[in-house]
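What follows is a set of notes on a single structure, which appears directly below.
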Amino acid sequence: MIRLDPATASPAAPPTVPAWALAPGRDASPADAAFQAGAALAALDTLARAQPSWAGAWRQRLALRCAAASMRLAGRAEDEAALRDAWHLCPAGTDPGPAGAIYGAWRQFSVQPPAANPDRLERIVDQLGVHWDEAALADLSTETENLAGLQRPAPFAAAAIVAHVVTMRPDSELLAWRLADLVLAKSLRWPRPRPLLMTQAFGPAFRDEAGGKRIRPADKSFERAVCLALVQAAAEACRLAAELSRRAERLIAVAPKLRTKGAGEVIQRLLDDDAVPGSLTTKNLSRFATRRLFARLQQLEAVRELSGRTTFRMFGL
C-alpha cells in the first residue's frame, strides 16, 4: 500500500527563498546577512514542518549531499555516486567502510529527533571516526543543549556551536557542522534536523575578498558567513524540494498503471529514500520482477537511473 493522505499528497508547490534574500551577500553588513538568513529559514521552516509524501527522499538526498561534502574534511575522495554504492550495495550486517559510515551517520541524523545527549553524541563521533572521551562528550552535550535553548537567533546559535567544537578539538570540524544543523533544528523546533551547512563549509560564504582565505570560527566575520551560508543552503534545499515534488507527483500519478504485485512497496521506498537498488527483493518481488517494474517506471518517466551503469543499477526520484 502507498501510505498517502490528502494533506501529504497536496500538489501545492514547495516554498522558495525570496529573490531579494539571494542577492550577492559579499558586501552585506552583519545585520543584512542575518535578515537574509531569517527570510531563507522562514521558507525552509514551512517545508521542515510539513510531511509531503516525498519528505523522506528529500531528507535523504540532503543527507547524501552533506556526506559528499564531508569527504573533503575526512580526507577522502568519494562523490555522491560512490557513497550510494558504499551504502546500498553493502550486504546487510557488514561494515560499509569509512565513507559509508559517514554517509550512514548523515542518513541517521536526518530521521532522528534533534537530541544531543552523551550517548547519542558517542554514537555520532564513532560513526564520523572522531574520538572524544566521556567527560568531553558530556560537556559538549550540555553546551549544545544550552545554545539551542538560548533566546538568540538560530544562525548565531549554530555558529556558536561550530566555534565551540573547533576550539575544543580543531580536528573535529566535521562534528561541528553536524551539531550546527542539530542546534539549528532545536532552536527552530523542527521535528527532524535538515542536513544543510556541511554543503557550504568550503563555499563562497566562507571566503573573504582578499585572496579567498577561508573564514574560520575565530574570525569576527564568522557569524555573518554562517548567515550567508544558510541562505544558500536553504535555497538549494528548497530547489531540491521543488524538483522532488514534481517527480513524486509523476510517480504517484502512474501508480494505478502498474500491475506488478508489490509495486506499492517499491513506490513507497522511492518516496522515502534517495535511492533504491535495482536488485531489491521483497516478500512479493523477485529480482526479475523488480527489474521489470523499474523498466516500466522508466518507460513511464516516473524514476531516474542514478548509477549510470548497466548492472548494479539504482533508481530514485
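Each value in this text was obtained by applying a stated rule to the coordinates, not by laboratory testing. What you are looking at is a predicted structure, and each value in this text was computed from that prediction instead of being measured. Cβ atoms come from the backbone with ideal geometry, glycine included; neighbour counts cover every protein chain shown.
Find me the longest stretch of the chain that has none of the exposed chymotrypsin sites (Phe, Trp or Tyr not before Pro), where exposed means in a DSSP loop (not H, G, I, E or B) with at most 14 other Cβ atoms within 10 Å. Longest gap between qualifying sites, sites excluded: 1-201. The amide H of Phe315, built 1.01 Å from its N in the peptide plane, has Val276, Gly278, Leu306 as neighbours under 5 Å, considering only residues 5 or more places off or on other chains.
Could you work out [θ]222 nm for the chain from helices alone, using -39500 (n - 2.57) per DSSP H run of at least four and dividing by all its residues? Round to the nearest 500 deg cm²/dmol. Before the final figure, lay out the partial values.
Working: 11 runs with 175 residues, N = 317.
That calculation yields -18500 deg cm²/dmol at 222 nm.
Specify the angular offset, from 0 to 90 degrees and rounded to the nearest 10, of the alpha carbon long axis of helix 97-109 from the longest principal axis of the alpha carbons in the chain. Taking the Cα atoms of the chain, the angle to 97-109 is about 80 degrees.
Using 0.36 nm per residue and subtracting the Cα-Cα separation, the extra length available between Ala253 and Ala31 on full extension is 75.4 nm. Free of any GluC sites (Glu not before Pro) that DSSP assigns to a loop and that have at most 14 other C-beta atoms within 10 Å, the longest stretch within the chain is 1-208.
Rounded to the nearest 20 debye, the dipole magnitude of the stretch 211-277 is 180 debye, with +1 charges on Lys and Arg beta carbons, -1 on Asp and Glu beta carbons, and the Cα centre as origin.
Quick check on the stretch 114-255: take the gyration tensor over C-alpha atoms, sort the square-rooted eigenvalues as a ≥ b ≥ c, and tell me if it's rounded (a/c under 1.5), prolate or oblate. Write out the running numbers ahead of the final one.
On the way: a/c = 1.92, a/b = 1.29, b/c = 1.49.
Here the stretch 114-255 falls in the oblate category.
For Lys186, Lys257, what ranking results if the residue with the fewest other Cβ atoms within 10 Å of its Cβ goes first?
Details: Lys186 22, Lys257 11.
The order, fewest Cβ neighbours first, is Lys257, Lys186.
Within straight-line reach of Lys257, meaning a Cα separation under 26 Å, sit the following lysines at least 8 residues removed in sequence or on another chain: Lys283. Comparing Val130, Val165, Val183 in a Gaussian network model of the chain, where Cα atoms under 10 Å apart are tied by springs, the biggest mean-square fluctuation is seen for Val130.
With the Cα gyration tensor of the chain giving a ≥ b ≥ c as the square roots of its eigenvalues, does the rule (a/c under 1.5 for rounded; else a/b larger than b/c for prolate; else oblate) give rounded, prolate or oblate? Taking the square roots of the gyration eigenvalues as a ≥ b ≥ c, the chain is prolate. Which angle from 0 to 90°, rounded to the nearest 10, does the C-alpha axis of helix 30-49 make with the longest principal axis of the chain? Its long axis makes an angle of about 30 degrees. Across all C-alpha atoms in the stretch 258-316, the radius of gyration and Dmax reach 10.2, 28 Å.
Counting neighbouring Cβ atoms within 10 Å and putting the fewest first, the residues Met168, Met314, Met198 line up as Met168, Met314, Met198. Using only side-chain charges placed at the Cβ, +1 for Lys and Arg and -1 for Asp and Glu, the dipole size of the stretch 258-316 relative to its Cα centre rounds to 380 debye. For the chain, the longest principal axis of the Cα atoms and the long axis of helix 154-168 meet at an angle of about 70 degrees.
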